[in-house]
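The structure appears below as structure tokens.
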Amino acid sequence: MALMTGKRGLVTGIANDYSFAYSIAQSLIREGAQCLFTHLPGEKMERRCRQAIDQLGIKDPWLMPLDAGSDENLDAVFAKIGADFGMIDFLVHSIAFADKDWLKDGKFTSTPRQVYTQAMDISAYTYAAMANRAAPLMASGGAMIALSYYGAEKAVPGYNVMGVAKAALEATNRYLALELGQKNIRVNTISGGPLKTLSAMAVGGFGDILDWVEKKAPLRRNIAGSDVGDASVFLLSDLSRGVTGQVLYVDSGYSIVGL
Ligand SMILES: NC(=O)c1ccc[n+]([C@@H]2O[C@H](COP(=O)([O-])OP(=O)(O)OC[C@H]3O[C@@H](n4cnc5c(N)ncnc54)[C@H](O)[C@@H]3O)[C@@H](O)[C@H]2O)c1
């Protein structure tokens, strides 16, 4: 039997087939999971997301628009999941946003309040906002993951306010794990290595980061989306039943290197 047989959950964050969420859904589906999806509102966003889901082999997907900055949108998505299915087993938070004008080397100190708070809202708070709505649908337990990056703990030139938001996301991960553990809901985060996605291209000097990791990481290569996809299966399946509140590095080992 496959690892996710009989499990159903929500996967947020598929913009296209380069997205981490795409690779995560691919691995989950391969292991027998049923995935429900959301896309950022807008005709173009929906079309690209549908194309990617189609490539996953799902012809009639459960798909709803979601701007995670809107409580009404969040309420609507989880209410519809409750009405349609009653319960879910897992949640994938694979979204983030910061104004790219402030994701450039030398542009952190002058970050405007609105840019800072929006990055924190969409990239960190929404993990708690989703968890709060998903938990009642996980009456018999469940598992959640979000996606972080090394810039949460070290200052990476150009990552700037997104690094601050990822630090908040990793702390949010721990507090959610502490509270939801009593309901047998596990909460973890994957710290992924750099991957060329739409969001990543907004980070100034991203190409240099890829080159550096390839040279310095113990595995001497950059990660593939499928590396994170398969690690997600571990964290969302019963294989990791004793694991919660953790940040799992899927980064070719880059984060352990001193020099
Ligand atoms: N690509 C990398 O190098 C890298 C490394 C580590 C972690 N991550 C993280 O992985 C996650 C997924 O990003 P990705 O790299 O796959 O890029 P991506 O651009 O493919 O995905 C980002 C997603 O966030 C969604 N999003 C943005 N604002 C939103 C909002 N207000 N409401 C709902 N959805 C919204 C977008 O629609 C998109 O689907 C993010 O949390 C990102 O920070 C990325």
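The values are calculated or read from the model by the stated rules, or taken from the named source; none is laboratory data. Only a predicted model underlies this, so the values are computations on that prediction, with no experimental measurement involved. Quick reminder, even Gly has a Cβ in these numbers, built from the backbone with ideal geometry, and neighbours come from all protein chains shown. Note: areas computed on protein heavy atoms with side chains; ligands, DNA, RNA excluded. Shrake-Rupley method; radii C 1.70, N 1.55, O 1.52, S 1.80 Å.
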Exercise. Run a plain Debye calculation on the range 39-99 (Cα atoms as equal point scatterers, no solvent) and give log10 I(q)/I(0) at q = 0.27, 0.30 Å⁻¹, rounded to two decimals, same order as the q list.
Key: -1.36, -1.33
Exercise. At a Cα cut-off below 25 Å, give the lysines reachable from Lys104, other chains included and same-chain residues fewer than 8 away excluded.
Key: Lys154, Lys166, Lys196, Lys215, Lys216
Quiz item: What dipole magnitude, in Debye to the nearest 20, does the chain give about its Cα centre under +1 on Lys/Arg Cβ and -1 on Asp/Glu Cβ?
Solution: 360
Quiz item: Rg and Dmax of the range 173-259, Cα atoms, in Å?
Solution: 15.0, 43
Quiz item: In terms of the Cα gyration tensor, with a ≥ b ≥ c the square roots of its eigenvalues, is the range 1-110 rounded because a/c is under 1.5, prolate because a/b exceeds b/c, or oblate?
Solution: prolate
Quiz item: Residue-wise, which Karplus ³J(HN,Hα) couplings in Hz belong to the range 126-133, taking 6.51 cos²θ - 1.76 cosθ + 1.60, θ = phi - 60°, and x for glycine or proline?
Solution: 5, 5, 5, 4, 6, 4, 4, 8
Quiz item: Cα centroid distance between the range 1-72 and the range 110-162, in Å?
Solution: 19
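Given N residues in the range 56-133, what is its alpha carbon radius of gyration divided by 2.2 N^0.38 Å?
Numbers: Rg = 15.9 Å, N = 78, 2.2 N^0.38 = 11.5 Å.
With N residues counted in the range 56-133, Rg over 2.2 N^0.38 Å equals 1.38.
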Practice problem: Could you pull out every one of the aspartates and glutamates with an alpha carbon less than 17 Å from that of Lys183, ignoring same-chain neighbours closer than 8 positions? | Solution: Asp89, Asp238
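Can you give the charge dipole size of the range 94-214 about its Cα centre, rounded to the nearest 20 debye, using +1 on the beta carbon of Lys and Arg and -1 on the beta carbon of Asp and Glu?
Values: 11 positive and 10 negative charges, 72 e Å.
It comes to approximately 340 debye.
With the cut-off at 1.5 for a/c, could you classify the range 155-214 from its C-alpha gyration tensor as rounded, prolate or oblate? Don't jump to the answer; show the numbers that get you there.
Numbers: a/c = 3.32, a/b = 2.41, b/c = 1.38.
Prolate, since a/c reaches 1.5 and a/b exceeds b/c.
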Exercise. Could you please state how large a percent of the accessible area of the chain is carbon and sulfur, counting protein chains only and using a 1.4 Å probe?
Key: 54
Self-check item: Residues of the range 114-145 with amide N under 13 Å of the 7 Å Cα→Cβ point at Asn184
Solution: 138-143
Quiz item: Label-point separation (nm) for Asn132 and Ala171, each offset 7 Å from Cα along Cα-to-Cβ?
Solution: 1.7
Exercise. Let me know the shape class of the range 8-250, please: from the alpha-carbon gyration tensor, a ≥ b ≥ c as square roots of the eigenvalues, rounded when a/c is under 1.5, otherwise prolate if a/b is greater than b/c, or oblate.
Key: rounded
